[in-house]
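These notes concern the structure reproduced below.
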Amino acid sequence: MRALARGDAGSRWEARLIRSAHPVVARVVDAAVSRRGVVRLPGVGVLVADPAVARLVLTDADRFAKNGPGSSGALWTPVLGERVLLNMEGHDHRVLRRSLTDLFSPRVVREVCDATAGPLVEDAAARLRRGESLDVVRLAREVSAAVIGEVVGLDREAPPSVLLEASDAIESMVTWRTRSFDDSAVARARASLAVVQDAAESAHAAGEPDTVMGRLARRGASLAEARSLAAALFLTGTGTVSSALPRIAAQLADAGLLVPAGAASCRVDDVVTEGLRMTTPSPATLRRCIAPTDLGGVALATDERVVVLLWWATRRDGGFEPGRPATGDLRHLWFGAGSHFCLGAPLALAELHVMTAMLLEVAAEQGLVVTSRRAARRVLVPRYAELTVRAPRGRSPSRAAPRTGRAA
Ligand code: HEM
């Protein structure tokens, strides 16, 4: 039903990324969910690959929780503290979410992106227009690091490698099997996060109204809360965006949409929305069953682990088709659903919009081809290790431009 290998090139590459990131688990999971959308896999948990059931699990806080024993929230508590959204439920979670409602308002998102992503993206466009190659993976990593650096208050002069190394170090500590960190792992994770948390501490102390951490301070968030939240934003917001862009670029190339006429026919927001559906950078998320229940015909006991397979749940026939609506249960499912719906979605969309718009604009002028790509092996967030594009040889630039528009 939702098998990894699909017919078109874009879908096959997506499947390859998932298998390369999780060689064993991906095959086992794929085999299990190819027969049924909800199935118990001994030693792993109850797998949910059906979009309606996935949405139900994510939105039913009375039966499924993200905190407590064995949950992904619990994994992070010793590293990040008790109050970082992703390990909270109920009243406390609602209150903290409410206090952060406009953390990524349209104005903040625009200012953060203009200050950080803007110059990097302009530089990348100039290189492509000069006929040079561009590693889209590198661009996406630098942009996502610069954006999160700005959010947590890191000095703008700090090289992106500071955050990228920290992000890679933490990601390498987590696999599908990680249920808890021992003391030395907690110490290593904290050491990696120090660069983010120290920056957040300074920004919190300065209390400037035009910084995210400064605004948190003015709203009464304590220093400890700001440090924890900065680390959580960094963990959730770096790897996801940097995984998404190269995969979206690959989808465009595989669908023949990086030739001038194809690129000019694309609406940027449609590409980003369909690109996120196709790539679903957070491939799975976990819940703990907190009351005996039935899920798609499978009986669950209290404390059973539910693995919501977001990447599998967002597959559909037909491959990458920008402009084809993803409505009903599929709507924004790549950002989750319910009370834990991605807090950083507006920021992620803006980052992806600016980078995708640049690729489409350059492609509309002169076309772009993928000259090399390589799937990353054994990583938590499936992604390309490298994806290089450049203008086709002998192509002279023209001036068609893709249609813009913000719909997502
Ligand atoms: C394409 C990029 C992104 C994707 C696909 C994505 C996906 C998700 C998903 C699926 C969840 C829900 C997990 C669950 O219910 O268990 C989530 C939660 C979250 N995301 Fe994102 N995310 C992205 C970018 C970002 C960015 C840029 C930030 C911050 C700057 C961010 C911050 C968060 C936070 C703080 C949560 C936890 C919210 C809560 O528990 O209340 N995300 N994200």
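The values are calculated or read from the model by the stated rules, or taken from the named source; none is laboratory data. Fair warning: this is a prediction, and the values are worked out from it, not measured in the lab. All Cβ positions, glycine included, derive from the backbone under ideal geometry; neighbour counts span all protein chains shown. Keep in mind that these areas ignore ligands, DNA and RNA; they rest on the heavy atoms of the full protein, side chains included. Shrake-Rupley method; radii C 1.70, N 1.55, O 1.52, S 1.80 Å.
Here residue 356 does not fit the description of being within 12 Å of the ligand (Cβ to nearest atom), among the polar types (S, T, N, Q) and within 16 Å of residue 56 (Cβ to Cβ).
Condition first: in a loop (DSSP other than H, G, I, E, B) and either more than 15 Å from the ligand (Cβ to nearest atom) or free of Cβ contacts under 8 Å to residues at least 24 places away in the same chain (or both). Now tell me which residues in region 190-214 satisfy that. Give the steps one after another, and end with the answer.
From region 190-214, those in a loop (DSSP other than H, G, I, E, B) are 207-211; that's our starting set.
Scanning region 190-214 gives 207, 208, 209, 210.
Inside region 215-238, residues that are within 14 Å of the ligand (Cβ to nearest atom), among the polar types (S, T, N, Q) and either open to solvent by less than 50 Å² (accessible area, probe 1.4 Å) or farther than 19 Å from residue 146 by Cβ (or both) make up a count of 2. Residue 181 falls short of the stated requirement of being of a type in the set (Phe, Trp, Tyr), under 12 Å from residue 154 (Cβ atoms) and either open to solvent by less than 50 Å² (accessible area, probe 1.4 Å) or within 14 Å of the ligand (Cβ to nearest atom) (or both). The residues of region 97-109 that are open to solvent by less than 20 Å² (accessible area, probe 1.4 Å) and assigned to a helix (DSSP H, G or I), listed by number, are 108, 109.
The set of residues in region 80-96 that are closer than 22 Å to residue 150 by Cα and outside any loop (DSSP other than H, G, I, E, B) comprises 80, 96.
Scanning region 135-178 for residues that are closer than 30 Å to residue 41 by Cβ, surrounded by 15 or more Cβ atoms within 10 Å (Cβ to Cβ) and without any contact (Cβ under 8 Å) to a residue 24 or more places away in the chain yields 168, 173. Is one or more of the residues making up region 327-338 assigned to a helix (DSSP H, G or I), at pLDDT 95 or above and open to solvent by less than 10 Å² (accessible area, probe 1.4 Å)? Scanning region 327-338, I find at least one residue that is assigned to a helix (DSSP H, G or I), at pLDDT 95 or above and open to solvent by less than 10 Å² (accessible area, probe 1.4 Å), so the answer is yes.
Residues that are crowded, with 21+ Cβ neighbours inside 10 Å and over 15 Å from residue 141 (Cβ atoms) within region 117-131 comprise just one, 128.
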